[in-house]
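The values are calculated or read from the model by the stated rules, or taken from the named source; none is laboratory data. The structure presented is a predicted model; accordingly, all values stated were derived computationally and were not measured. With ideal geometry, Cβ positions are generated from the backbone for all residues, glycine too; neighbour counts draw on all protein chains shown. Please note that ligands, DNA and RNA were not included when accessible areas were found on the heavy atoms of the full protein model with its side chains. Shrake-Rupley method; radii C 1.70, N 1.55, O 1.52, S 1.80 Å.
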Amino acid sequence: MKAGLSRFLKAVATSIILVSTVAALPPQPGQHVRELPDEQSSPGRKYLLFLPEDYGQTERKWPLIVYLHGASVRGSNLERVKRYGLPWLVENRKDFPFIVISPQCPSGTRWVDLSPEFVMRILDEVCDEHAVDRDRVYITGVSMGGHGAWYLASRYPDRFAAVAPLCGRVDTTWAESLKDVPAWVFHGSRDRVCPRSYSDRMVGALESLGADVTYTVYEGAGHDIVTRTYRNEALYEWFLEHRRNGDELSSR
């Protein structure tokens, strides 16, 4: 009896040590599924988190990109988000020099229909728990995600050092809020899903306010400008040229 109890207690102690060891392991490089616990104890929010291959090897803080996908990969299966854009890129490029957050928009809705806190709570958690340079946080998105990137940057202009929307709809009334956020806008000249006129008008509104805005139009291209844009190293060099000034702020 005593021998059996001794073996049981030893097994429990070993389990506790193993659990403690796992909990103490540093975050691993690569792209992983993470979940944001809900404050009301309902199912949490899942998202993709990419950490560069050199993450954790030094005490440096890393720039971060928030990526918002388009309408075709909405839902609850995060594997779908990896089909294109930054989640696809970092699956194939482990040395990508940014932390990347890729949340997933629920089916039947758009980023602009959700509470802004849907994304910002994820950003806050990652900034709190990882080595993020909060002065170098950027946002980008494709199509519906481009619309969402414009929207979140306009709602939180003091959180993002720059915004890079791809082929997204946009409301020019947001220009006043965005005038101090550097923007690089991308659109195809023959886009029939989201007409180029949206970006034309927004770029014009920002330029009239003296904003720092760069505009790339792919002549002859339609809506599919994702791969050529995110493979362009100049975009990431441009991001890193911009830093947010001021104290570290939170959306909470």
Per residue, how many Å² of accessible area does the range 133-252 show with a 1.4 Å probe?
45 Å²
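Could you please report the charge total around residue 182, scoring K, R as +1 and D, E as -1 over all other residues with beta-carbon less than 15 angstrom from its beta-carbon? Present the calculation step by step, with values, prior to reporting the outcome.
Numbers: positive: 136, 159, 179, 243, 244; negative: 135, 158, 180, 207, 212, 237, 241.
Net charge around residue 182: -2.
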For a protection proxy built on the mean count of beta-carbon atoms within 10 angstrom, sort 152-164, 54-66, 181-193 highest first, please.
152-164, 181-193, 54-66
Sort the range 82-146 into rounded, prolate or oblate with this rule: let a ≥ b ≥ c be the square roots of the eigenvalues of the Cα gyration tensor; rounded if a/c is under 1.5, and if a/c is not under 1.5, prolate when a/b is larger than b/c, oblate otherwise.
oblate
Given a Förster distance of 25 angstrom, what is the FRET efficiency for residue 77 paired with residue 124, based on the Cβ-Cβ distance and rounded to 0.05?
0.50
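Can you work out the FRET efficiency for the pair residue 172 and residue 192, with r the C-beta to C-beta distance and R0 = 22 Å, to the nearest 0.05? List each step's numbers first, then the result.
Values: r = 21 Å, r/R0 = 0.96.
The value I calculate is 0.55.
Could you please tell me the mean projected area of the C-alpha convex hull for the range 132-252, averaged over all directions and given in square nanometres to one decimal?
Details: hull surface 29.1 nm².
Averaged projected hull area, Cα only: 7.3 nm².
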Formal net charge of residues neighbouring residue 106 (Cβ-Cβ distance under 13 Å; K, R +1; D, E -1):
+4
Given a 1.4 Å probe and every protein chain left where it sits, what share in percent of the accessible area of the range 142-252 is carbon and sulfur?
43 percent
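I'm a student and want to see the number: the projected area of the Cα convex hull of the range 131-176, averaged over all directions, in nm². Before the final figure, lay out the partial values.
Numbers: hull surface 12.9 nm².
It is 3.2 nm².
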